[in-house]
Amino acid sequence: YEAVESLKKSVELRPDYSEAYFNLGTALNRLAIASSPIPPLPSSSSSSSSSSSLQLLEAVGAFEKTLQLEPRHASATFNLGTTLHSLGLYQRAAEVLLDSST
């Protein structure tokens with residue numbers, strides 16, 4: 001959690017630094033996984049899944065910002081696709097991952 005807060009501060013200080021957004025997305029993704037022993041499902045209503053889903057949605061935003069700043073960031077593209085998949089957004093995940101292969 002402390003890492004996420006530090007990274008949020010770093011993107012505030014350097015909003016043009018793509019790696020800060022990438023690291024934030026990665027940290028949020030890992031925090032979501034660590035706080036949920038079962039992968040979150042979009043239809044689940046438990047508070048831990050809800051918290052995990054919110055963290056994953058925030059990670060999506062961070063990966064999207066990374067790609068806005070650095071469109072060819074392969075790891076951000078992959079992480080965006082897998083995070084969308086974790087959220088049950090399969091069509092969007094496929095679009096992201098297939099678009100990156102061209």
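The values are calculated or read from the model by the stated rules, or taken from the named source; none is laboratory data. Fair warning: this is a prediction, and the values are worked out from it, not measured in the lab. So basically every Cβ, Gly included, is an ideal-geometry build from the backbone, and we count neighbours across all protein chains shown. These accessible areas exclude ligands, DNA and RNA; they are computed on the full protein's heavy atoms, side chains included. Shrake-Rupley method; radii C 1.70, N 1.55, O 1.52, S 1.80 Å.
Compute the accessible area per residue over the chain, keeping the other protein chains in place, probe 1.4 Å, unit Å².
Details: 6260 Å² over 102 residues.
Here the per-residue accessible area is 61 Å².
With a 1.4 Å probe and every protein chain kept in, tell me what percent of the accessible surface of the chain is carbon plus sulfur.
On the way: 3590 of 6260 Å².
Carbon and sulfur atoms account for 57 percent of the accessible area of the chain.
Please give the peptides 11-19, 83-91 ranked by average Cβ packing (other Cβ atoms within 10 Å per residue), highest first, as a rough proxy for protection.
83-91, 11-19
Evaluate Rg over Rh across the chain, taking Cα atoms for both radii and Kirkwood's formula for Rh.
With Rg and the Kirkwood Rh in hand, the quotient comes to 0.98.
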